[in-house]
Every structure is written in C-alpha cells, then in structure tokens.
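Visitor: There's a structure below that I have some questions on.
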Amino acid sequence: MNVLDLHCDTLLAVLEEDGRQWESLTSRPGHVDLTRGGKLDGYAQLFAIFTTPGMSTLIPPERVFAAALAAFRRTLAENPDRFVQAKTPAEIQAAVDGGKIAGILSLEGPAGIGFDPGRLESLAAEGFRMTTLTWNEENPLAGSHKTGGGLTRQGREFVEKAQRYGIAIDVSHLSDQAFWDVMDITQAPVSASHSNSRSVYPVSRNLTDQQFLAICQTGGVVGLNLYTGFLGEDPVTLETACRHVLHWLELGGEAHIALGGDLDGCECLPVSFTGVDCWPELAQALLDRGVPQPTVEDLFWNNAMRMLERCCT
C-alpha cells in the first residue's frame, strides 16, 4: 500500500546545533530515512522546514531555513537513484511509479521567510506545496492554539497569496479564532496536516468536529498525527490512533482523512511504531477494525493526492 505522509520534521532533526552540519538521511536512528522508506510499496513525504522566532537565541530562523533546504537538496543530489523532489501531484505519482521516494517541501512556521507574503511566489517556484501560519506562538500572521488570537491583516494577505501560487494552507497549530478566520476567506481546500480529533482526546492542538467538517467542506484533509500527546492517555497504541480515524469516519469524512505522522517532530509514538517503515502496521490495524480496504487506501494515498491536485495544479 502506498504511503503519502503530509508532515515530518526530519529536515530539522538532521541538523546539528550550529545549523550547518547535518546527519545523512540515507540511514539514521530517528523516525524517517530513505532506507526504511524504501521498504514501503510506494512512499511520498512532505518534508516540513520548521522555524519559529523562539527556536534559538544564536541561530536566526532564516539561517535554519536555509540549512534545512540545503540538507534537502544535498539528499537529492546524493541519492538520485531513489529520491527525487516532486513539485506536482503528477510528479509524485511518476516518482512512485518509477520506484523512487518522492520528497515534497512544506513550511511549518514562516519565521524562516520573515512572515513575508511577498516571498511566497519564489517558495512556490522552489516547490513548496503547503504552509502553516504559525507554530505555538503568536506571530505577525495569526494566533496559535496556545496564545489565542485571530488572523491579522498580514495573515490574510499570506493566505490569499499562498493559495494563488498553489501552496496549500495548513491550519495545524492555529487558534480556534484564526482557524475560522481562514475559513471565512479561503478560496481553495484547507487542510490540517498533522492534527487529531478533539472529541476523542481533548487537547487544543486537535480539531473539534465542527472544524473537521469545515475542512471537509473545502475539499481539504486532516492528517492523523501519531504523537502520543495528541492521541490519548498511556499506554498509547495503534488502537488509540484508530479511534480518531473511526470517529472521523462516523462523521462521514472518509474522503478527507490522510496521514500526518509528525515523525521526527515528537519524542513518543504509539507502542511498536518506531518509524516510517511501520505505516503498514497502522493500515492493518484499521483493516482489523473493519475499515474497508479501499477506504484505507484512500486514507494512505488518494485523499491527500486529490487535495494536492486541487490546491497545487
């Protein structure tokens, strides 16, 4: 079964503290590498470049952004036989059909581009296909789930320009107010790349049922986050993760559920899930709970591909 994961933090995880040195993505002790990803039937990964104003007093976000992008480019150059950048859904499909891993760029926290809507056109040309508006802080664009606060005038311009240039808006980390502000102005599908159900586990990073249904109405998707802190109480297993999917299915969202593992962006994953090569175990867990094979295939690949086709082409 093909896997399309909408969010990992691997590009940040491979950087050393000075923001310049890096760890090879070929094989590494974290959650995502090319060796384990190559074990999947087909694999496409959105690699988030994460920056936030408070990430370091020594390394400015712009420098971290540049270093992470350089790590991505170096990985491409060193692995042309198995890893390629994809800028469109057609290129994602072609890569996987050709037996290669597709890497797609995304942005988490636009501090690395100075929160500047004027830089989105060049980011789109570089191949970025999804962006959040914030992380856990309030910034010039919007308030976060931790701070509250809505979408600013600059944030509205950011949303409008991102969608114009084919970059999907990711509402993960937004405050409830900012979420609904985005919904008021969106002209394209809106997604939450790595968020879960607040009805199943009530934390602010998760989505209410109303928010989930609003995302569905735009044609967007919600990527299941495997960080245990957003899934449930200990012990967190794949059964815990399945509860979120089953709840969304009860809401009629079968065409709007995807994967957003948050791999390499969290310390704790469900019991027995150790990395990217474990995605088939989640598929089997869903099948064991009665989710039909076509629905699981949609969740693992087709739903996210349809969203990208609507946003990025």
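A short reminder: the numbers here are calculations on the coordinates, not readings from a lab. Note that the structure is predicted; figures quoted are calculated from it, not measured. Neighbour counts are summed over all protein chains in view; Cβ atoms, including those assigned to glycine, are modelled from backbone coordinates with ideal geometry.
Visitor: At a threshold of 8 angstrom on Cα-Cα distance, excluding pairs fewer than six apart, so keeping six or more, what relative contact order does the chain reach in percent? Don't skip to the answer; put the middle values down first.
Guide: Values: 676 pairs, mean separation 60.6, N = 313.
So the answer I get is 19 percent.
Visitor: How much net charge surrounds residue 143 when only the other residues with a Cβ under 13 Å from the Cβ of residue 143 are counted, with Lys and Arg +1 and Asp and Glu -1?
Guide: Working: positive: 146; negative: 137, 138, 176, 181.
Result for the neighbourhood of residue 143: -3.
Visitor: If you don't mind, another one. Once you order the gyration tensor axes a ≥ b ≥ c over the Cα atoms, which shape class does the range 1-119 get: rounded for a/c under 1.5, otherwise prolate or oblate by comparing a/b with b/c?
Guide: Values: a/c = 2.27, a/b = 1.60, b/c = 1.42.
Judged from the Cα gyration tensor, the range 1-119 comes out prolate (a/c at least 1.5, a/b above b/c).
Visitor: Given the -39500 (n - 2.57) contribution per DSSP H run of 4+ residues, what per-residue ellipticity at 222 nm results for the chain, rounded to the nearest 500 deg cm²/dmol? Show your work: numbers first, answer last.
Guide: On the way: 12 runs with 112 residues, N = 313.
Calculated mean residue ellipticity at 222 nm is -10000 deg cm²/dmol.
Visitor: Also, quick follow-up: Can you give the alpha-carbon Rg of the range 193-242 over 2.2 N^0.38 Å, where N counts its residues?
Guide: On the way: Rg = 10.9 Å, N = 50, 2.2 N^0.38 = 9.7 Å.
Computed over Cα atoms of the range 193-242, the ratio equals 1.12.
Visitor: Hey, another quick one. Just add up the charged neighbours of residue 201: K/R +1, D/E -1, any other residue whose Cβ is under 14 Å from the Cβ of residue 201.
Guide: Values: positive: 198, 205, 243; negative: 209, 233, 234, 239.
The answer is -1.
Visitor: Put a dot 7 Å past each Cα toward the Cβ at residue 272 and residue 63; how far apart are the dots in nm?
Guide: Once both label points are built, they end up 4.5 nm from each other.
Visitor: Here's something else I'd like to know. Report, in debye and to the nearest 20, how large the dipole of the chain comes out about its Cα centre when Lys and Arg carry +1 and Asp and Glu carry -1 on their Cβ.
Guide: Numbers: 23 positive and 40 negative charges, 118 e Å.
It comes to approximately 560 debye.
Visitor: For the residue pair residue 239 and residue 146, what label-to-label distance in nm results when each label sits 7 Å from Cα along the Cα-to-beta-carbon direction?
Guide: 3.3
Visitor: Multiply the residue separation of residue 154 and residue 251 by 0.36 nm, subtract the distance between their alpha-carbon atoms, and state the gained length in nm to one decimal. Each step should come with its number before you reach the end.
Guide: On the way: separation 97, 0.36 × 97 = 34.92 nm, distance 3.38 nm.
Residue separation times 0.36 nm, minus the Cα-Cα distance, leaves 31.5 nm.
Visitor: Another question about this same structure. With the contact rule set at Cα under 8 Å and sequence spacing of 6 or more, what percent relative contact order holds for the range 11-151? Walk me through the intermediate numbers first.
Guide: Working: 218 pairs, mean separation 32.1, N = 141.
After rounding, I find 23 percent.
Visitor: How high is the FRET efficiency between residue 90 and residue 217 when r is their beta carbon distance and R₀ equals 25 Å, given to the nearest 0.05?
Guide: 0.45
Visitor: Which listed residue (166, 199, 216) has the Cα farthest towards the positive end of the charge dipole for the range 152-216, taking +1 on Lys and Arg C-beta and -1 on Asp and Glu C-beta about the Cα centre?
Guide: Going by the charge dipole, the pick is 166.
Visitor: Also, I was wondering about something else. Using only the Cα atoms of the chain, build the gyration tensor, take square roots of its eigenvalues as a ≥ b ≥ c, and label the shape rounded, prolate or oblate: rounded if a/c is under 1.5, else prolate if a/b is larger than b/c, else oblate. Intermediate values should be presented prior to the final figure.
Guide: Working: a/c = 1.34, a/b = 1.05, b/c = 1.27.
It comes out rounded by the Cα gyration axes.
Visitor: Measuring from label point to label point, each 7 Å out along Cα→Cβ, what is the residue 281 to residue 187 span in nm?
Guide: 4.5
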